[in-house]
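Let me begin by presenting the structure, written as structure tokens, before commenting on it.
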Amino acid sequence: MFRSFLKRVKSQKGMSGVLVALLLVIVGVGLVAGINTFMKDASTTIQNEANTSINSAITATR
């Protein structure tokens, strides 16, 4: 993956092509980090709600 990125950067003509390639990489990394954070938060929320629901069901049966 890194080799293909280097080939792409080297094949760009002029500085603007390199800047566009680097911008795309930065946007991609930011997107992956954002999705990862969102998924972790959503997972924690779902687990907390499930635990609350289970505890409510157990308490209701007593």
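The values are calculated or read from the model by the stated rules, or taken from the named source; none is laboratory data. Since we're looking at a predicted model, the values are computed, not measured. All Cβ positions, glycine included, derive from the backbone under ideal geometry; neighbour counts span all protein chains shown. For the accessible areas, the whole protein counts, side chains as well, though only heavy atoms, and no ligand, DNA or RNA atoms are used. Shrake-Rupley method; radii C 1.70, N 1.55, O 1.52, S 1.80 Å.
Just a few scattered comments:
- Residue check, Val29 modelled with pLDDT under 80 and β-branched (Val, Ile, Thr): no
- Boolean, Thr52 is at pLDDT below 95, farther than 30 Å from Phe2 by Cα, hydroxyl-bearing (Ser, Thr, Tyr) and assigned to a helix (DSSP H, G or I): no
- Cross-chain or 6+ apart pairs with Cβ under 6 Å, region 7-20 first and surrounded by 12 or more Cβ atoms within 10 Å (Cβ to Cβ), then in a helix (DSSP H, G or I) and modelled with pLDDT under 75: Val18/Val9
- Within region 28-62, tally of residues that are within 11 Å of the chain's Cα centre (by Cα), aliphatic (A, V, I, L, M) and open to solvent by 70 Å² or more (accessible area, probe 1.4 Å): 5
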